[in-house]
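The values are calculated or read from the model by the stated rules, or taken from the named source; none is laboratory data. Fair warning: this is a prediction, and the values are worked out from it, not measured in the lab. Neighbour counts are summed over all protein chains in view; Cβ atoms, including those assigned to glycine, are modelled from backbone coordinates with ideal geometry.
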Amino acid sequence: MNPPTVMLRSCAALDQIAASLGCTELELHDGKDFTGMLALYERMGLMQPYMLSGLRPPPPTMADNWRKLHEGDSSVAFTLIWRGRHGDALGAVSGVRAWDRTWLAQQFGVLPHAEPGTAAALQIAFLGLVGERADTDHLCFFVTVDNAQMNAWFERFFRFGDAFELGSRIDLARWAFLPGVRRLAGSARPGLDVTSTVLDDRRGSVFARSLGSVAAEALTTCPETTSGAFARLGLERHQRTLVLSDRGCEAGLVIEEKTSPGLSLSWMLDSWWFLGSNEAGSSNEPALERFMSTISNGSVPEHGRILLIPSRVSAAPVQAAGFTRVADARLYTLNKAGIRRYRDELALRYAEVRSAMKGRRARGARKPA
């Protein structure tokens, strides 16, 4: 079954973008067929086994949350669907304004039999809707390290002399506690404490050192705006900064992301981000070991809630706590100028593909019967 769609408040902007692309295949999803969307994502190869562990079958709450996310305020989230000539869904991409002025692009994919240029057109439309919003400062997205084609494209993107003023990239390892894996009992060391705090300038420098300055600026949220926007839809969205302390001395930071089930199928918004030690050049392993000894005693849910750590950090404490490394991903973060550069580069590529396709059709039409 193909997911149904309906034109929402962004339809005028989408119509303009579709006209500029010379296509009529773009639609906005209305959120009513969560199961159909999951099936599409599976056919596109987007759903890894750890993502599906809690979706067999999808809990009714997830389908309800997905509907709430899409049926009303498109300034919080939307999903674009690209349909073929016979009305079948061939590609999709979703966006969630997960942080105050930052959008998370997720669930982007195109089926293998889609026409050339479909992936570029879908991305151009998405970037047009997000990038021209007054409340957009940044866009972030994850690309698995083994996605050679996408990463090669961004390798070229970052060769521009000013590219690092437009965005950042960093490799992160995803760890998850999977059902059926033995959870090792941890024993928190005496004097260990994990407390919630405010991400001030001093602690923000740890964030910047771990993920880069562009990402550090993008991946922060204001409870009065982000959480409030989700709450008005009957959904949950929170971010907390946790300080890891040992006998009164700060040992490191963790960012905790939480959202209603079903809003981020990769669990990126239901995760811990380990940011390492507060001291530049110091070892991250002791702080990570202290954190894992805290959460390994039962605070890890059966599904979801993954741990993200920079790939360069030793993950021995994570593995010892019973977590499994499920993926290696590259986090890309672009500021507004970077979004426009990304869109313009894709537009050039899309124009080349369309020109080549027109040439092939013209040559085919001239062939004798």
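Structure notes:
- Filter result for Y342 (buried (at least 21 other Cβ atoms within 10 Å of the Cβ), more than 15 Å from the chain's Cα centre (by Cα) and at pLDDT 75 or above): yes
- Among the residues here, S283 does not qualify as in contact with a strand residue (DSSP E or B) (Cβ under 8 Å, 6 or more places away or on another chain) and at pLDDT below 90.
- Looking at G87, G72, G131, G117, just one residue is farther than 19 Å from I306 by Cβ and in contact with a strand residue (DSSP E or B) (Cβ under 8 Å, 6 or more places away or on another chain), and that residue is G131.
- F177 falls short on exactly one of the conditions (1) surrounded by fewer than 17 Cβ atoms within 10 Å (Cβ to Cβ); (2) modelled with pLDDT under 85, and that condition is (1).
Here's the yes/no breakdown for (1) buried (at least 22 other Cβ atoms within 10 Å of the Cβ); (2) out of contact with any Leu (no Cβ under 8 Å at 6 or more places or on another chain); (3) modelled with pLDDT of 95 or more; (4) not aliphatic (A, V, I, L, M):
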position	(1), (2), (3), (4)
H86	no, yes, no, yes
W99	yes, no, no, yes
W103	yes, no, yes, yes
D135	no, yes, no, yes
C140	yes, no, yes, yes
T144	no, yes, no, yes
F158	no, yes, no, yes
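- Counted residues, the range 194-222 - those being part of a helix (DSSP H, G or I) and either loosely packed, with under 14 Cβ neighbours inside 10 Å or modelled with pLDDT under 85 (or both): 12
- T225, sole failed condition from (1) within 19 Å of L242 (Cα to Cα); (2) modelled with pLDDT of 65 or more: (1)
- When the range 37-53 is filtered for residues that are surrounded by fewer than 19 Cβ atoms within 10 Å (Cβ to Cβ) and modelled with pLDDT under 90, the ones remaining, listed by number, are Q48, P49, L52, S53.
- With respect to the conditions (1) surrounded by 22 or more Cβ atoms within 10 Å (Cβ to Cβ); (2) modelled with pLDDT of 85 or more; (3) over 17 Å from the mean Cα position of the chain (by Cα), A329 falls short on a single one, namely (3).
Residue-by-condition table, conditions (1) in contact with a Phe, Trp or Tyr (Cβ under 7 Å, 6 or more places away or on another chain); (2) free of Cβ contacts under 8 Å to residues at least 12 places away in the same chain; (3) hydroxyl-bearing (S, T, Y); (4) outside the structural domain of I17 (by TED's automatic domain parsing):
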{"position": "T61", "(1), (2), (3), (4)": "no, no, yes, no"}
{"position": "W66", "(1), (2), (3), (4)": "yes, no, no, no"}
{"position": "G72", "(1), (2), (3), (4)": "no, no, no, no"}
{"position": "T79", "(1), (2), (3), (4)": "no, no, yes, no"}
{"position": "W99", "(1), (2), (3), (4)": "no, no, no, no"}
{"position": "W103", "(1), (2), (3), (4)": "no, no, no, no"}
{"position": "H113", "(1), (2), (3), (4)": "no, no, no, no"}
